[in-house]
Each structure stands twice: as C-alpha cells, then as structure tokens.
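Everything on this sheet refers to the single structure shown next.
The values are calculated or read from the model by the stated rules, or taken from the named source; none is laboratory data. Fair warning: this is a prediction, and the values are worked out from it, not measured in the lab. FYI the Cβ positions are ideal-geometry reconstructions off the backbone, even for glycines, and counts take in every protein chain you see. Quick note on the areas: whole protein, heavy atoms, side chains included, nothing else; ligands and nucleic acids left out. Shrake-Rupley method; radii C 1.70, N 1.55, O 1.52, S 1.80 Å.
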Amino acid sequence: MLAYIIKRTILMIPILFGITVLSFGVMRLAPGGPAEAQMEFSARASAEARERLRKLYGADQPFYKQYATWLTKFMTLDFGEAFADGRKVKDKILERLPITLTINLLSLGLVLLIAIPLGILSATRQYSLIDRFTTIFVFIGFSTPSFWLALLLIYLLGVQWGVLPISGIQSLDVTGLSFWGRLSDRAQHLVLPVFVSAFGGLAGFSRYVRNNMLEVLRQDYIRTARAKGLPEGTVIYKHALRNALMPVVTILGLSLPGIIGGSVIMETVFGIPGMGQLLYQAVFSRDYNLAMGILVPAAFLTMLGNFMADIAYAFTDPRVRLK
C-alpha cells in the first residue's frame with residue numbers, strides 16, 4: 001500500500017508541472033496584455049508608457065524567461081503581486097477564499113444531505129412515482145443554466161417579492177446590528193447563492209447514487225443477505241450503500257476544484273467578492289500573476305481529489321494497488 005501511495009504521489013509532480021506550463025502559455029496567448037488592459041481607456045497613453053509597463057511586468061521577456069521567473073517564485077509559495085493594485089496575490093486570495101469556501105461547502109453539504117437519500121429512495125422503488133419524479137428533476141437540473149436560474153430567482157425573490165437580498169454578502173448597515181442580526185443578515189444573503197450552486201449538483205449526485213445502488217442491489221451477496229432473512233434496512237444501508245457510494249467518492253474528489261474556481265458565474269451574477277469574481281476580474285485585466293495564483297491551486301486540488309479517490313479505492317479493493 002505504501003509503494004502505491006508513493007508511486008501516485010511521484011506521478012503528480014510532472015502532471016502539475018505540465019498544467020503550469022499550459023496555463024501559463026494559454027494566459028499569454030490571449031490578445032493584449034496587462035499594459036494594454038490598464039491603458040485601454042486612456043487615450044493619452046503613449047507607446048513609451050506602454051513599453052515601460054511591459055518592462056515593469058516582465059512582458060517584454062521571452063516566454064521561457066517569464067515562466068522561469070514565475071516558477072521560481074511559485075516554488076517558494078510567492079505568487080507575486082497583482083498588476084492592478086500591487087498587493088500580494090496571496091493576500092488577495094486569502095481575503096476572498098473564506099467567502100467562496102463557505103458558499104461551496106454549504107452547497108456541497110446540501111447536495112449530499114438531499115441527493116443520497118433521494119438516490120436511495122429512487123433505486124429501491126424503481127419505476128415508481130418517486131423514481132419518475134427524480135428522473136424528471138434530473139433532466140431539469142442538468143438542462144437549467146445556472147446563470148439563468150440565478151437571474152430568475154433574483155427577479156422573483158428579490159425584485160418582485162423582495163423577500164431575499166440579491167447582491168453582496170452582507171447589508172450596508174450590518175455594523176449597527178447585533179451578533180444575531182449580523183448572522184441572520186449573512187444567512188439571508190447566502191440563501192440564493194447556495195441554492196443556485198447546489199441545484200445542478202443535486203440532480204447529478206442523486207442520479208449517480210441511484211445508478212450505483214441499482215447495480216449493487218443486483219449483486220449475489222445482496223441476494224444472499226436477503227435469503228438469510230436480514231431486515232431490508234440492514235441490507236440497504238449496511239451492505240449495499242457502502243459499495244454504492246464508492247464511485248461517488250470519485251465525483252466528490254473532482255468537485256474539489258469547484259470550491260475555488262467553479263463559482264465564477266454565480267459570484268459575478270450575485271456580486272459576491274469571492275474567488276470566482278476575483279478570477280473573472282484577473283482574466284479580463286490580463287493579471288497573469290493573480291490568475292495563475294488561482295488556477296494552479298485549483299488544478300492541484302483536482303489532482304488531490306483524484307489522489308484521495310484512488311487511495312480510497314485502494315483501501316477498499318486490493319486489486320487496485322497492483323495496477
């Protein structure tokens with residue numbers, strides 16, 4: 001088992017290196033640069049001023065020199081400074097990260113809390129009314145664009161009915177509220193973003209659980225457990241559910257990067273100062289340091305999620321360790 005873990009860990013190093021090269025190259029393939037983005041609306045900006053900015057940001061150097069400089073800093077966990085305001089990229093990320101983590105972890109918890117029981121119920125009552133309802137719900141969830149759902153809820157619940165706030169993470173007068181008042185205000189601001197983030201995932205996870213449960217329930221050991229006279233609840237929740245949830249672990253692992261970088265649309269629509277909005281602003285302002293400071297950790301989280309899923313599989317199925 002230890003040899004398998006070491007092999008998988010070593011394999012992550014060249015993959016991460018390749019991801020950094022591709023991300024760095026794609027960012028620089030985009031038209032324009034940080035100097036052009038900052039002076040786009042400045043009619044009096046001279047060519048000399050643009051060239052000075054290019055030298056300041058290192059954009060006048062060859063690609064390999066720019067990448068070597070960035071990689072040297074990154075190896076020491078120095079993400080550089082943001083081009084827009086000169087602040088440390090690490091500080092800007094740490095400032096926004098708690099907000100994105102809160103929203104995405106709440107939405108992930110909501111997804112698991114509802115999707116697992118819904119998937120089990122749908123699988124154990126195949127072709128019933130509840131199964132047909134979840135099938136329709138899945139199609140709606142997969143086909144509904146998150147930005148459209150967000151705008152619809154903003155219009156209905158915020159503009160028309162005025163029951164929920166539609167922008168930001170807190171009200172302007174929050175400083176004058178008590179602790180419980182601030183907590184209530186924050187919770188009201190989180191309702192719409194958390195629901196929109198969870199809606200699509202809820203449909204997908206419930207379907208994964210249903211399909212895996214149906215496959216496990218057809219296995220011989222499940223029929224043997226029922227033949228022994230075990231209660232149906234014990235068969236479902238003790239023998240079948242554990243194996244049915246193993247493929248879901250992989251999907252959960254792949255959901256990790258969404259905690260950091262998957263909230264671009266939602267945070268932009270709701271005006272939430274999180275990592276998604278920060279990445280959106282960095283890309284459009286050609287802020288290479290800031291964009292790479294978000295993209296590379298997100299890629300690392302993707303690899304970490306796969307790694308954790310592989311380790312979980314190896315503990316469950318010894319045959320995986322021999323591959």
How do the pairs read when you match residues in the range 51-64 that are more than 14 Å from F24 (Cα to Cα) with residues anywhere that are in a helix (DSSP H, G or I) and at pLDDT 70 or above, using Cβ under 7 Å and keeping only pairs 6 or more apart or on different chains?
D60/R54
Within the range 183-191, is even one residue in a helix (DSSP H, G or I) and either surrounded by 20 or more Cβ atoms within 10 Å (Cβ to Cβ) or touching a residue at least 40 places away in the same chain (Cβ under 8 Å) (or both)?
yes
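Go over the candidates L113, L214 one by one and state the one that is part of a helix (DSSP H, G or I) and open to solvent by 60 Å² or more (accessible area, probe 1.4 Å).
Result: L113 is the single residue among L113, L214 that is part of a helix (DSSP H, G or I) and open to solvent by 60 Å² or more (accessible area, probe 1.4 Å).
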Criterion first (open to solvent by less than 70 Å² (accessible area, probe 1.4 Å) and either of a type in the set (K, R) or closer than 30 Å to L278 by Cα (or both)) does G119 satisfy it?
no
Any residue at all in the range 142-149 that's modelled with pLDDT under 85, part of a helix (DSSP H, G or I) and loosely packed, with under 12 Cβ neighbours inside 10 Å?
yes
